[in-house]
Structures are given as structure tokens and as C-alpha cells.
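Read-outs throughout are calculated quantities, based only on the coordinates presented, and are distinct from any laboratory measurement. Not measured: the values here are computed from a predicted model. Every residue, glycine among them, receives a Cβ derived from its backbone with ideal geometry; neighbour counts consider all protein chains shown.
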Amino acid sequence: MGAGSGELCLNWPIGESREVELLRHPGFNPPPDAEQPLILVATGCGIAPFMGFLDARAAAGRKGPLWLLFGNRYQQGDYLYRDQIEALVEQQVITDLDTVFSRDGGAQRYITERLEQQGDKLLSWIKQGAALYICGRASTLGKGIDRVLLKLLQAEGMSAEDAQAELVRWSEQGIMHRDLFD
């Protein structure tokens, strides 16, 4: 659980109210340039911060392309923010949408599998200046995304060491942003 959700779920009695202060995550905010392409990868409740990103992009007049990849267990019941997401697709705030629901079956059961399938597109977007944001469980999405990204970079001809260094560079240069939790 995240710090806030863990506190809320484990320590607060039902019906109790408390004053809280919301803090901005220093390294996980949408870029100031609304023209910059964005790739948002979320699983489960990791979609929550991206709703703010999407609202900001909509308020800016849906400037740059935005690709949302979202995975959860079941489409029926676990497609969090479905109505808002579909409305943002209609408004072309979200220009590309990929969803995967692991318990519904199908050839691809996880968002990392979809990302791997769309590897050429992902690397092309990044080469064209897209920022990659990842939010979800560290033990699942975090490990899976690293595996996929390293595999994609190695398929481009990088050694394992160079691919790992590239991911470090992406993080250091603000190309890739992670908010992973367990």
C-alpha cells in the first residue's frame, strides 16, 4: 500500500474525519510543456495520479499526443475511471489507448505484454521526445516494465549493460518517471 492508502485503510476508524494536507510528488508530475508527447503506463490503482495528468492536458486544450496503457484484473468492475477515460478518448485528449484485463483471458493478459507487443511504437515515441510515466505495484509492473524495456533496447542492438545504462539515463534526464509501490 502507499503511505496514504495504508494509513487510511489500516489506522483510521470508519467514519472518522481528520484534516490532511495533500503534497505534490516532487518527481511525478506532468511536464510543463503540454505539447510534449506522454506515455502513461498504469496498473490497478496506479491509474489515479494519471487522472490529474489527463485533466491538466484537457485544460491545456489537448495539445500533444498522449498514449495511455492501463491494466487491471477484470474489465467489468476493475476498469477504473472508465467513463472519464472513454470521454477523454472521444475528446482526443487520449490519442492512443491500450487496455488489458488479466483475469478476462485473451492472448495478452498483462499490460507489460501489450507494451512489449507495441515496442516499436514505444521506442519511436521516446525517440520523438515522449516522456514515459509508470505507476503501479513495484513487485509486478515495476519488475515487468524493466524486463520489457531492457528486452526492447537489446532488440535494438544494445548490450545488456548499455540497455541498463539507457534506462538510468532516461530516469536521470526526465524521460522516464516511476511511482511504484507495494
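Based on DSSP loop calls and a cut-off of at most 16 other Cβ atoms within 10 Å, the longest stretch of the chain free of exposed trypsin sites (Lys or Arg not before Pro) is what?
110-182
Using a cut-off of 29 Å between alpha-carbon atoms, which lysines can reach K151, once sequence neighbours fewer than 8 places away in the same chain are excluded?
Output for K151: K121, K127, K143.
For the range 36-181, with the dipole built from +1 on Lys and Arg beta-carbon atoms and -1 on Asp and Glu ones, taken about the Cα centre, which of G44, S124, I175 lies farthest toward the positive end?
Working it through, the farthest residue towards the positive pole turns out to be G44.
More than 20 angstrom separation, counting every C-alpha pair in the chain; what % is that?
The share of Cα pairs beyond 20 Å in the chain comes to 56 percent.
Using the Cα centre as the reference, give the magnitude of the dipole from point charges on the C-beta atoms of the chain (Lys, Arg: +1; Asp, Glu: -1; all else neutral), rounded to the nearest 20 debye.
The dipole magnitude comes to about 200 debye.
DSSP loop (so not H, G, I, E, B), at most 15 other Cβ within 10 Å: list which chymotrypsin sites (Phe, Trp or Tyr not before Pro) in the range 73-173 pass both filters.
Sparse-neighbourhood loop chymotrypsin sites (Phe, Trp or Tyr not before Pro): Y74.
Can you work out the PRE-style zone for E90? Point 7 Å along Cα to Cβ, and I want the residues of the range 36-54 with backbone N under 20 Å.
Residues 51-52, 54 qualify, since their backbone N sits under 20 Å from the label point.
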